[in-house]
1. Test of understanding: among V375, V394, which residue is β-branched (V, I, T), surrounded by fewer than 18 Cβ atoms within 10 Å (Cβ to Cβ), over 27 Å from T114 (Cα atoms) and at pLDDT 95 or above?
2. Would a scan of the stretch 165-178 turn up a residue that is farther than 27 Å from D96 by Cα, without any contact (Cβ under 8 Å) to a residue 40 or more places away in the chain and surrounded by 15 or more Cβ atoms within 10 Å (Cβ to Cβ)?
3. All but one of (1) among the charged types (D, E, K, R); (2) surrounded by fewer than 19 Cβ atoms within 10 Å (Cβ to Cβ); (3) in contact (Cβ under 8 Å) with a residue 12 or more places away in the chain; (4) within 19 Å of L391 (Cα to Cα) hold for K242, so report the exception by its number.
4. Looking at L391, L362, L327, L379, can you tell me which residue is in contact (Cβ under 8 Å) with a residue 60 or more places away in the chain and over 21 Å from P237 (Cβ atoms)?
5. Looking at the stretch 291-302 only, could you name the residues that are over 11 Å from the mean Cα position of the chain (by Cα) and either under 27 Å from D328 (Cα atoms) or in contact (Cβ under 8 Å) with a residue 24 or more places away in the chain (or both)?
6. Residue by residue through the stretch 146-182, note down the ones that are modelled with pLDDT under 90 and hydroxyl-bearing (S, T, Y).
7. Could you pull out the residue among Y367, Y343 that is over 18 Å from the mean Cα position of the chain (by Cα), aromatic (F, W, Y) and buried (at least 16 other Cβ atoms within 10 Å of the Cβ)?
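The values are calculated or read from the model by the stated rules, or taken from the named source; none is laboratory data. Remember, predicted model here, so these are calculated numbers, not experimental data. Cβ atoms come from the backbone with ideal geometry, glycine included; neighbour counts cover every protein chain shown.
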Amino acid sequence: MSAATHFLFVTLASAACAAAGGVSAQPVQPGEFPRFTAMTDSLPWLTVMPQLKDMPAPEWVKPGTRMMYAISGAVAGMVGHNNPGGASGAGFLQVDITAVEKGVVALDSRTWATAPGEQHPTIAGFEGKPFLPAAGGDYWVHPGALAELVDRPIQPVRAVRLDYPLAGKTVAAIRLESGRAVGEVQSWTFDATSGVLILHTFQAQLWYRGRHVQHLIRAELVGVRHIAWPGADEPMPEWVAKTRALNLAGKQRYTGMGQVIDFPATAKYTFAKPGAGFVPYRQSFVVQQGPLVTHTVDWDRTGGSGAIGGLWMSPKTLAALKPSTVLDDDSVTGIRTMAGKPYAGPGGRTYFPIGEFNRATLLEYTYDTTTGMLVAFQLDQKPTMSNRFTLQGVE
């Protein structure tokens, strides 16, 4: 199972089961955070297309490019087992290119879960990593390498050409099929001209928690577009390379069944070794729901000047940004991104909030206009859950 496929399975299964909180994880110690490399995170494709490490990114791969996929997944117990059960989920996978530089492209993605009967999806998870320019994980492969694989196939991958119906048109495509493990079948259908992933399917029979279960996942391209994010071309602030972590603290508020309950919570952004214009980081939330109950969730992500809701925004960009400016409207998720109203922070500083919202979700990021640093973060999953954090210290 590829990293992207595993991410889809975990987030869809979590959404389907309406799991609250996160998974247990150990705190990150200094020096332990993985220093991602584009080479290792693109290795699955390098085994059959080694030329990818020397190829450039396709022309359309630029900071601000967004790929959106409709995703669905199911987990079902096999017939003959007690309590076969199962779960399913659906939503969207949003993949944003946050940085493109020599030898590396950084991606940051979000999964949006759609509940039955709800018009707007809610945020279900994040993931981000750097990749080789010519092989963006599951999301694109250089079309030149794909064509060569069709002409000279390498086991265990089968490559075929086909016509694929997309957005009312028929496009030339190349499908790769692989059964790398017993009981597992995957396929990736790429646009033969651009190399962008059109369709990914995954089917596997696996041993999970003492019984066989069937995993099914499907991700189909909805569209590719470019977002002109303010400050995307600005350099990374100098403080990023000198920073180990941002520590925030606040609370998680649960509203339901006539009750309002607040739990103390923390958020930590732990930096890995930065690239020239981006930094991989781990976003960790810890919620203390009682003396013996702690929920922790970790997301590995990438931040850059081209990242919406990133670790920083250029002070130059913030100075030129006007309140209430609509920065983007996403027709798939219904998310509107808008500049808020600057307000006075501690020490005479000015803070500037940027919000993303639809009827189900609010994500708000607040930046110090002097340094561009993220100083507050809010995540609301309406109508029951609200998470608010403010910066407490910098390591």
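1. Answer to the check: V394.
2. Scanning the stretch 165-178 turns up no residue that is farther than 27 Å from D96 by Cα, without any contact (Cβ under 8 Å) to a residue 40 or more places away in the chain and surrounded by 15 or more Cβ atoms within 10 Å (Cβ to Cβ).
3. Tallying (1) among the charged types (D, E, K, R); (2) surrounded by fewer than 19 Cβ atoms within 10 Å (Cβ to Cβ); (3) in contact (Cβ under 8 Å) with a residue 12 or more places away in the chain; (4) within 19 Å of L391 (Cα to Cα), K242 fails exactly one: (3).
4. L379
5. H295, T296, V297, D298
6. Hit for the stretch 146-182 is S178, nothing else.
7. Residue meeting the stated conditions: Y367.
Let's see how each residue does on (1) surrounded by 13 or more Cβ atoms within 10 Å (Cβ to Cβ); (2) out of contact with any strand residue (DSSP E or B) (no Cβ under 7 Å at 6 or more places or on another chain); (3) closer than 30 Å to T65 by Cα:
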position	(1), (2), (3)
I217	yes, no, yes
L221	yes, no, yes
R225	yes, no, yes
R253	yes, no, no
P264	no, no, no
A272	yes, no, yes
R282	yes, no, yes
Q288	yes, no, no
L292	no, yes, no
